[in-house]
1. Give the residue that is surrounded by the fewest Cβ atoms within 10 Å (Cβ to Cβ), with candidates limited to residues of segment 173-219 that are small (G, A, S) and in a loop (DSSP other than H, G, I, E, B).
2. Considering segment 111-131 alone, what residues qualify as being part of a loop (DSSP other than H, G, I, E, B) and farther than 21 Å from Y216 by Cβ?
3. Quick one: count up the residues across segment 46-70 that are under 21 Å from W392 (Cβ atoms) and either surrounded by fewer than 18 Cβ atoms within 10 Å (Cβ to Cβ) or among the small types (G, A, S) (or both).
4. Tell me the residue from G76, G102, G62, G42 that is at positive phi, in contact with a helix residue (DSSP H, G or I) (Cβ under 6 Å, 6 or more places away or on another chain) and not charged (D, E, K, R), please.
5. Out of the residues in segment 230-245 meeting the condition of being in a loop (DSSP other than H, G, I, E, B) and within 18 Å of G219 (Cα to Cα), tell me which one is modelled with the highest pLDDT.
6. Kindly list the number of the only condition in (1) modelled with pLDDT of 85 or more; (2) within 22 Å of L311 (Cα to Cα) that fails for R254.
7. Working carefully through the options L335, L339, L370, find the one that is in a helix (DSSP H, G or I), among the hydrophobic types (A, V, I, L, M, F, W, C) and touching a Ser or Thr at 6+ places or on another chain (Cβ under 6 Å).
8. Identify the single condition in (1) more than 19 Å from S120 (Cα to Cα); (2) touching a strand residue (DSSP E or B) at 6+ places or on another chain (Cβ under 8 Å) that T376 does not satisfy, given that it satisfies every other one.
Amino acid sequence: MSLASPPCSPSLLLGVIAAILLYWAYLAVARLLLSPLAPFPGPKLAALSNWYEFYYDVILQGQFTAHLQRLHRRYGPIVRITPTELHVDDPDFFDVLYARDGRRNKYAYFSGRFGYASDSFSTIQHELHQLRRKPLSPFFSAKRIGEFQPVIRAKVAKFSQKLAEYAADGRVLPLSRAWMALTTDIITEYAFAKSYDQLDSPDFQDTLHDALVAIYTTGHFALHFPIVFPILDLLPDWLVTRMEPRLLPVVGLRKDLGRKVGEIRSGLNNRHKKVEYPTIFHELLNSDLPEKEKSDARLGDEAQLVVAAGLITTSWALSVASFHIISNRGVAAKLRRELVDASDAVANADWHALEKLPYLHGCVREGIRLAHGVVTRNPRLVPDAELTYGEWVIPRNTPVSMTNVDILMNEKIFPNPTQFIPERWFNNPNLDHYFVPFGKGSRMCLGLNLAQAELYISIATIFSQFDFVLYSTDLSDVQMKHAYLVPYTKWESKGVRVKVKSAS
């Protein structure tokens, strides 16, 4: 007698199909009609499903930021962009949403970008974020960065020596990669008292660029499937290499930084005893953080945040500023004259003295503005009260987001916003209110002072010593094409490349 299973009953199959259709119908009614966000304007597909966002950010590769700008042009300053989230495009609402006082939670959905990592950036609850951020904050104060300036100067001096070699032999300098090597060596020295020494890499090939691209692009996919990072962490490196070699840097960087924390804990890295400045992770391990917050895994996550944030946005801003200075002879000439006239300040390379030079200040500000900082939206939840925007009452605990790019490229605030115009910052203190590449509020970017010190010292030193001619580089090599937390240009770009000459 045959023991084969009987065929699936047609009535059972129809019942399953009917249940699925009924669930979809319920979901549609709940989200489109019954949700407290139902009255808010926006596309129905976005209100219905997160697959709308998935299409623009994963299938179209980092296009949701640009698409949001189109939605605002169609629907107005407040738009429902997912079933649960609102987005606002109004520069004057920025201080309300990202208030320094009051509780602001992170949207748990966005913590899935890095597999619910335990770094302070990914921390959801306001109170836990404050606990984790408190011992980090002193390292990035203006006073501490001022004390750290000798290290920045030494790394920039080494960078200058490398550029002199390119000037002598006429090689093409991959400037974008060189800037990344510089910023990596600075932040890793500060974090571990042990630089990665990427400035010594031939033609600056050994940078973290590829690893960070892999992490951020994977992170967009992980927003929708947050199990991705926990699975990758569990897999052995050889299996990841066999399955998808491009994902190995995602796993490798995280594990490597965890090991570096472990080396400090075990005493294998005691270089903090040999330097004259406090280093971040030696100090964190001896801080009053609860012991469970000091595990290698937890501080490894924090190290990935500190290192990635400390190198990628600053190196990108240096690349953007460099391109515009080099490509515009008038800008380059004005900057050079100011640097020559302020030769003592340039020679001393003191960040605070350099930021008082008007044209240099304008160049740094424009470089950062056109680099944008974080370019994906940044939701906040207010757990204690409703928010109001005009006639709209936003329910308590609703994720509400804004995007830095919308403000930094607002043509009413910054006329001709795509143009690099240092003069727009002259005697115009009102613009500082809208200078938001580092965010605002209790969760604003910690690295503001370090980034600015690096930009002022680097640009003043390098552009007072060298002239540059662009090599196979145009505007598209510094314009955002893909928004993956940070901006990326067209994938085929080789970055800003130049020929170097000693300053005449």
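1. Of all residues in segment 173-219, those small (G, A, S) come to 176, 178, 181, 191, 193, 195, 201, 211, 214, 219.
Now restrict to residues that are in a loop (DSSP other than H, G, I, E, B): 193, 195, 201.
Numbers: A193: 22, S195: 20, S201: 16.
Here the residue is S201.
2. Filtering segment 111-131 for residues part of a loop (DSSP other than H, G, I, E, B) gives 115-125.
Q125 - this is the single residue of segment 111-131 that is part of a loop (DSSP other than H, G, I, E, B) and farther than 21 Å from Y216 by Cβ.
3. Of the residues in segment 46-70, 5 are under 21 Å from W392 (Cβ atoms) and either surrounded by fewer than 18 Cβ atoms within 10 Å (Cβ to Cβ) or among the small types (G, A, S) (or both).
4. Values: G76 fails: in contact with a helix residue (DSSP H, G or I) (Cβ under 6 Å, 6 or more places away or on another chain); G102 fails: in contact with a helix residue (DSSP H, G or I) (Cβ under 6 Å, 6 or more places away or on another chain); G62 fails: in contact with a helix residue (DSSP H, G or I) (Cβ under 6 Å, 6 or more places away or on another chain).
Of G76, G102, G62, G42, the one residue that is at positive phi, in contact with a helix residue (DSSP H, G or I) (Cβ under 6 Å, 6 or more places away or on another chain) and not charged (D, E, K, R) is G42.
5. Pass one, segment 230-245, residues in a loop (DSSP other than H, G, I, E, B): 235-236, 244.
Subset that is within 18 Å of G219 (Cα to Cα): 235, 244.
On the way: L235: 81, E244: 73.
The extreme case among them is L235.
6. With respect to (1) modelled with pLDDT of 85 or more; (2) within 22 Å of L311 (Cα to Cα), R254 is out only on (1).
7. On the way: L335 fails: touching a Ser or Thr at 6+ places or on another chain (Cβ under 6 Å); L370 fails: touching a Ser or Thr at 6+ places or on another chain (Cβ under 6 Å).
Among L335, L339, L370, only L339 is in a helix (DSSP H, G or I), among the hydrophobic types (A, V, I, L, M, F, W, C) and touching a Ser or Thr at 6+ places or on another chain (Cβ under 6 Å).
8. Going through (1) more than 19 Å from S120 (Cα to Cα); (2) touching a strand residue (DSSP E or B) at 6+ places or on another chain (Cβ under 8 Å) one by one, T376 breaks only (1).
The values are calculated or read from the model by the stated rules, or taken from the named source; none is laboratory data. Note that the coordinates shown come from a computational prediction; the quantities given were computed from them, not determined experimentally. FYI the Cβ positions are ideal-geometry reconstructions off the backbone, even for glycines, and counts take in every protein chain you see.
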